[in-house]
Amino acid sequence: MKVIRSIQDMKQLMRDYRTQNKQIGFVPTMGFLHEGHLNLMREAKKENDVVAASIFINPLQFGPNEDYENYPRDEQADVLQAEKAGVDVLFIPTVADMYPNPMLIQLGIKGRTDVLCGRSRPGHFDGVLTVLTKLFHIISPDKVYFGLKDAQQTAVVDALIDDLNFPIELVGLPTVRETDGLAKSSRNVNLTEQERGEAVWLYKGLQHGRQLIRRGEQNPDKIIHDVTETMNHHISGNIDYVELLSYPALEPVSSINQRIILAAAVYFERARLIDNLLLDKSGEIITRYS
């Protein structure tokens with residue numbers, strides 16, 4: 001596996017691969033890799049000639065009161081894990097490389113962001129779009145892989161690719177979970193023992209909502225109410241939101257007659273956790289979005 005830190009070196013290497021007619025799959029990350037990231041890398045390896053991944057903790061997507069400085073980092077372990085997962089090229093630029101000067105152009109998005117995590121993180125997805133646009137230009141992948149744990153981000157990337165005509169196929173893969181159902185996340189290390197025991201009810205609450213849909217419940221308000229009550233009964237943290245929306249448009253629905261996302265977020269003392277289920281109108285889980 002090659003580890004590249006220079007933007008120019010990365011661009012040249014990608015040009016060389018394209019000259020050889022190699023298909024490139026790309027997995028962007030902020031590092032501190034866990035099984036969710038590694039699953040994306042392994043899937044990309046199955047579907048492409050070359051797998052490129054990036055590790056870059058993007059300051060533009062952190063708000064003034066968010067955890068940029070405390071975001072977990074372990075580059076040495078990340079390099080070993082990425083290589084084991086089949087990554088061919090690992091791109092690790094610095095902030096000074098990616099943003100040598102204050103950005104005069106920064107992308108913004110008008111839809112799909114005033115719900116879910118976007119409501120409480122103004123400007124977050126503008127930062128995501130800006131860094132991804134830079135990475136897409138540097139790497140020029142054929143396919144890009146995201147985990148559906150952050151399904152709102154996947155919906156935003158879907159809009160970026162469509163609206164700006166990037167010749168990239170978006171692949172959204174299912175959330176990777178612990179044995180008890182908790183979504184794997186870099187922030188799980190910040191949970192206390194008690195919070196870790198409670199956190200599984202984020203997933204269990206969403207599953208309760210799914211079962212309501214499978215039994216024929218069509219009223220989104222009823223589903224949201226019951227999921228919220230289930231979580232409140234078992235979680236001491238503060239529930240940020242429980243929402244049921246169309247996907248990927250992320251708009252309110254009056255009944256369950258299309259693909260939807262049932263999503264929730266919870267604040268614990270030192271971690272904010274998110275989870276969701278992407279469902280068809282019968283309540284069956286959608287395992288791949290493209």
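Where a number appears in this text, it was derived from the coordinates with a stated rule and is not lab data. Quantities reported herein were computed from a predicted structural model and do not represent experimental measurements. All Cβ positions, even for glycine, are placed from backbone atoms using ideal geometry, and neighbour counts span all protein chains on display.
When the Cα positions of GLY172, PRO122, GLN12 are compared along the charge dipole of the range 2-173, GLN12 comes out farthest toward the positive end, with charges on each C-beta of Lys, Arg, Asp and Glu.
From the helices alone, meaning DSSP H stretches of at least four residues, give me the mean residue ellipticity at 222 nm for the chain, per-run term -39500 (n - 2.57), in deg cm²/dmol to the nearest 500. Please report the intermediate quantities before stating the final value.
Details: 9 runs with 111 residues, N = 290.
So the calculated ellipticity at 222 nm is -12000 deg cm²/dmol.
Across the range 171-238, Cα-Cα pairs more than 20 Å apart make up 37 percent of the total.
Backbone amide hydrogens, once placed in the peptide plane, bring ALA265 within less than 5 Å of ASP240, TYR241, excluding anything fewer than 5 places away on its chain. Note on the chain: with a GNM built from Cα contacts shorter than 10 Å, the maximum mean-square fluctuation among LEU262, LEU278, LEU107 falls on LEU107. Placing unit charges on the Cβ atoms only, positive for Lys and Arg and negative for Asp and Glu, gives the chain a dipole magnitude near 540 debye about its Cα centre. Coupling constants for the range 220-226 follow from the phi torsions by the Karplus curve (6.51 cos²θ - 1.76 cosθ + 1.60, θ = phi - 60°), and in residue order they are x, 4, 5, 5, 4, 4, 5 Hz; glycine and proline get x.
Across the range 142-156, rounded Karplus estimates of 3J(HN,Hα) from the backbone phi angles (6.51 cos²θ - 1.76 cosθ + 1.60, θ = phi - 60°) give 8, 9, 10, 10, 9, x, 6, 4, 9, 5, 5, 4, 4, 5, 5 Hz, Gly and Pro being marked x. Close amide-amide hydrogen proximity is noted between GLU169 and LYS143, VAL144, each under 5 Å apart and 5 or more residues distant or on a separate chain (H modeled in the peptide plane; Pro and chain starts excluded). What the phi angles of the range 239-249 give under the Karplus curve with 6.51, -1.76 and 1.60, with θ = phi - 60°, is a coupling list of 6, 6, 7, 10, 9, 10, 9, 5, 9, x, 5 Hz, glycine and proline written as x.
Taking the inverse of the mean reciprocal distance over all distinct Cα pairs, the Kirkwood hydrodynamic radius of the range 1-151 comes to 16.1 Å. When the Cα positions of ILE92, ILE161, PHE32 are compared along the charge dipole of the range 2-173, ILE161 comes out farthest toward the positive end, with charges on each C-beta of Lys, Arg, Asp and Glu. Could you check the spin-label model distance between TYR68 and SER246? Points 7 Å from the Cα along Cα→Cβ, value in nm. About 3.6 nm separates the two model spin labels. For the range 100-195, the convex hull spanned by the alpha carbon atoms encloses 147 Å³ per residue.
Size check on the range 186-279: the Cα extents along the three principal axes, sorted descending, read 40, 25, 16 Å. Summing Cβ point charges (Lys, Arg +1; Asp, Glu -1) relative to the Cα centre of the range 186-279 gives a dipole of roughly 300 debye. When the chain is treated as a GNM with alpha-carbon contacts under 10 Å, the residue of LEU206, LEU40, LEU13 showing the greatest mean-square fluctuation is LEU13. Within the chain, the longest run free of exposed loop sites, counting trypsin sites (Lys or Arg not before Pro) that sit outside DSSP helix and strand states (H, G, I, E, B) and have at most 10 other Cβ atoms within 10 Å, spans 1-109. Considering the chain at the alpha-carbon level, its Rg and Dmax are found to be 19.0, 58 Å.
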